[in-house]
Every structure is written in structure tokens, then in C-alpha cells.
Amino acid sequence: MFPSSSGGSLPAVSYAAAMERRWVHEAIAKVEADANRSADTHLIPVPLPAEWPVDLYLKDESVHPTGSLKHRLARSLVLYGLCNGWIGPHTVLVEASSGSTAVSEAAFARLIGLPFVAVVPASTSPEKLDQIRFQGGRCELVDDPARVDDEARRIAEESGGHFIDQFTYAERATDWRGNNNIAESIFEQMRLERHPVPRWLVVGAGTGGTSATLGRYVRYRRYDTEVCLVDPEGSVYADSWEQHDRSLRASASEGLIEGIGRPKVEASFIPEVVDRVQRVPDAASVASARVVRRLLGRRVGASTGTNVWGALRIVAEMLAAGDEGSVVSLICDPGDRYEQTIYNEAWLADRNLRPEPYEDLLDRFLTTGEWPPA
Ligand SMILES: Cc1ncc(COP(=O)(O)O)c(C=O)c1O
């Protein structure tokens, strides 16, 4: 008989199995302790003209210990792997990621003492590669972004490792009913606001996990809140939602707005919980990130720009309709990860991205309340 970690006696299992189970228990305890150490992220009111009957809030996911909304997902995916028996004391963890998820997963791999390999597109920003390595991860760069999944699967198979596969498991690993998921946190933090139940939640999709959690939660809690998906150039999500067709493929294998938009419809994208879509030009995403800098006094990531463009457009519609209410979106990650990209004039020029006309449009809207006809 062997002593168990909870002091009882274990049935006659192999010593190795007992030791492995003890390792899994300790790993889960470490991940849970991380959750217990982490304070909730803030909900920030965006300073719009006081006389407007519509309020805008941004859920600031950039303050997570690993700097993005992906801290929540990484924690859920590692717990999911541990509890499914897919991760043990000798497992090499492998992921295919545009960067943010890999930064967070590398941190959790180190927390439980496992090696981590991130398979990323070669075009991923140097800042994100540095952050993956800073968290103890190894980066495998792939020229063709459409091949990151296959390459990650191959590396996992060859090393006897585990392919975490965020695009497949994001929607399954996240507890959409509660457990302080991003939706429950937003509604709790809106409770004392003048319009506590948001009219709209605005979010982009990479895996689709965040939009799935938001859409499921508002249905589960029977709120009338609707979810608007913002989609950057080169992504198939908006088209696939409109055409009810998950087989669509985009010509380009990668967009310019890191983290959101996909060339194919990922398994974790649940179109049925999305109520409308907006296509956002990449230059408008960059312009909107610049305007957030002026409104909040700090820089945010590209996908946050996409979110805020979509959110302000909805605010404009509500003002034009004489509606009142609140709109909530996300700050997904901080601007310092985009020094070499959206905050670099040469990078913008090389890609013929001219944010200025969109910036003018937003500045005019924020003073007049009018959004020019499409
Ligand atoms: C910076 C950033 N914003 C937004 C998202 C989209 O989140 P999700 O994968 O939950 O759709 C991602 C996903 O990788 C991201 O990295």
C-alpha cells in the first residue's frame, strides 16, 4: 500500500503511476495558486463627452501577469491538459501561436517545470519572441503561417510531447458558465454603472474562444446583451458568419493585426453566439489604437484598435438612434509589443497603411457625435 498525497492509502497501483498522479496534483495546485495570486483585471471607462447617453468601457486584459487576455486561456488549456491526463512530469508542451498565447503558455509550462516549444510565424514581432524566451520557451519559426499547426503537431509527436492546440480547445477548455471567466468579470464590474447590462460586447477572434465565452455567458445568464465580432482584413470570420459557411479560406495566409483574424475558420469559433459582424480596415485599427492612446494616455495593441473602432461605430449608431446604454470591449495586450509594427512609420509605409483619414474621422466623431455615412 502507498501513502497518498491526501494522507489516505492508495489501491495497489504501480509506483510510477502513483508518482505521476502526485506530480499532476502538485502541478494543478501550482496553476490554481497562480489564479489565487492574480487580481482581476480592471474595467476602464473611456472618457466620452459627458452629455452622451452612451458609455464605453474597456476590459483591460493587458495587466495580466503575462501581459494579455491569453493568460486566462493558457491557464485553462494547461489545466485541461493536466486533468485529461495528457500532460505529465516528462511532457514537452508545444503550441502554434501568433505570439500572445505562447507567451502565457511558456509561463505556465515553467510554473509546472516543463519545457515549452512555441511554433510561430517567422513574421511575429521580435518583442513577442523575446517575451516567449523570457518566459523560458523555445521558438520555432515557420515561414508559411498556414503551416504552424502541422509543424507543432509534428514536433509534439516526435518529442512524445503534447500539442496544446489553442485553436481546437480554446472553446472547450474555458469555463463559459463562470469561474471568473472574462464575461462574468465584466458583468460583475458593470453592476454599479448607470447602464449595468451592456447593450453590446465588441471583440475580435483569433481562436474564437473569447467571443464564444462572451456569447455563451450572456445567453446562459439570460441577458439581452449582444455580441459584435470585429474582423480585420484578410480574415474569413465575417464572410463565414454571413454565408454560414465554415469551409471558407482566405487567400492571404496571415493578416497584419496580430492575434485576430484567421485564413480559415477555427474549431473554437462559434458563429451561432455572434449577433453581428463588422469588417475593420487595418488602417482604421491602427488609427483607433492611436486615439486610445490620446484618450487613455497609454499605448495598446493592434487588436485593441480593431475592437475600439467597432465599439465607437456602435456608439455612433446608438447616438444617432437616440438610444442610451453601454458598450464594452477589450484591451487585449499592451502597445509595447508593437514598437516595430503599428507604432513604426516605416512598417506602416511599407504596407501602404495610412491611418490618418480614419484618425480624423474618429476625432470628428468624438467632438460632434456624428459618424460619416459609409
Ligand atoms: C492580441 C490578441 N488579441 C485578441 C485575440 C483573440 O482572442 P481569441 O483567440 O480568444 O479569439 C488574440 C488571440 O490570440 C490576441 O493575441
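The values are calculated or read from the model by the stated rules, or taken from the named source; none is laboratory data. Since we're looking at a predicted model, the values are computed, not measured. Glycine also receives a Cβ, built like all others from the backbone with ideal geometry; neighbour counts cover every protein chain displayed. In case anyone asks, the SASA skips ligands and DNA or RNA and just uses the protein heavy atoms, side chains included. Shrake-Rupley method; radii C 1.70, N 1.55, O 1.52, S 1.80 Å.
This model, with +1 at the C-beta of Lys and Arg and -1 at the C-beta of Asp and Glu, gives the chain a dipole about its Cα centre of some 920 debye.
Phi angles across the stretch 58-65 convert, under the Karplus curve 6.51 cos²θ - 1.76 cosθ + 1.60 with θ = phi - 60°, into 3J(HN,Hα) values of 10, 7, 8, 7, 6, 8, 4, x Hz, Gly and Pro given as x.
Phi-derived couplings, Karplus 6.51 cos²θ - 1.76 cosθ + 1.60 at θ = phi - 60°, listed residue by residue for the stretch 224-234: 7, 4, 10, 10, 10, 8, 9, 10, x, 4, x Hz, with x used for Gly and Pro.
The percentage of C-alpha pairs in the stretch 152-217 whose separation is greater than 20 Å is 43%.
Hey, what number do you get for the chain at 222 nm if only DSSP H runs of n ≥ 4 count, each worth -39500 (n - 2.57), divided across all residues, to the nearest 500? Per the formula, -13500 deg cm²/dmol. As a length-normalised measure over Cα pairs under 8 Å and 6 or more apart, the relative contact order of the stretch 255-312 settles at 36 percent. Return P(r) of the chain (all Cα-Cα pairs; 10 Å bins starting at 0; whole %; ordered from short to long distances). It works out to 5, 24, 33, 23, 10, 4, 1, 0, in whole percents.
Of T225, T368, which has the most accessible area and how do the rest follow, probe 1.4 Å?
The ordering from most to least exposed comes out as T368, T225.
Rg then Dmax, both in Å and based on the Cα atoms of the stretch 70-170: 12.0, 34. When the chain is modelled as a GNM with alpha-carbon springs shorter than 10 Å, which of A205, A122, A107 fluctuates the most? Greatest mean-square fluctuation among the candidates belongs to A122. Distance from the alpha carbon centroid of the stretch 313-334 to that of the stretch 83-102 works out to 36 angstrom. E171 exposes around 30 Å² of accessible area when a 1.4 Å probe is run over every protein chain in place. To the nearest ten degrees, helix 148-159 and the longest principal axis of the Cα atoms of the chain are 10 degrees apart. Of the residues D150, D360, D350, which exhibits the maximal mean-square fluctuation in a Gaussian network model of the chain defined by a 10 Å Cα contact cut-off? Top of the fluctuation ranking is D350.
Given a 1.4 angstrom probe, I'd like the percentage of the accessible area of the chain that is carbon and sulfur, rounded to a whole number.
Answer for the chain: carbon and sulfur cover 50 percent of the accessible area.
Taking amide hydrogens as placed 1.01 Å from N in the peptide plane, the amide H of V54 sits under 5 Å from those of G325, each at least 5 positions away in sequence or on another chain. Phi angles of the stretch 203-208 translate, via the Karplus equation with coefficients 6.51, -1.76, 1.60 and θ = phi - 60°, into HN-Hα couplings of 7, x, 9, x, 6, x Hz per residue; Gly and Pro are given as x. With 0.36 nm allotted per residue and the present C-alpha distance subtracted, the D144-A17 stretch has 41.7 nm of extension available. For the chain, the solvent-accessible area with a 1.4 angstrom probe is 43 square angstrom per residue.
The separation of the stretch 176-202 from the stretch 277-312, counted between C-alpha centres, amounts to 21 Å.
Residues whose amide H lies under 5 Å from that of V117, counting only those 5 or more places away or on a different chain, are L93, V94, E95, R138; hydrogens are built 1.01 Å from N in the peptide plane. Between I44 and L58, K59, D60, the built amide H atoms are under 5 Å apart, and every one of these is 5 or more places off in sequence or on another chain. Listed by chain and number, the aspartates and glutamates whose alpha-carbon sits under 12 Å from that of K128, ignoring those within fewer than 8 places in the same chain, are E258, D333, D336, E339.
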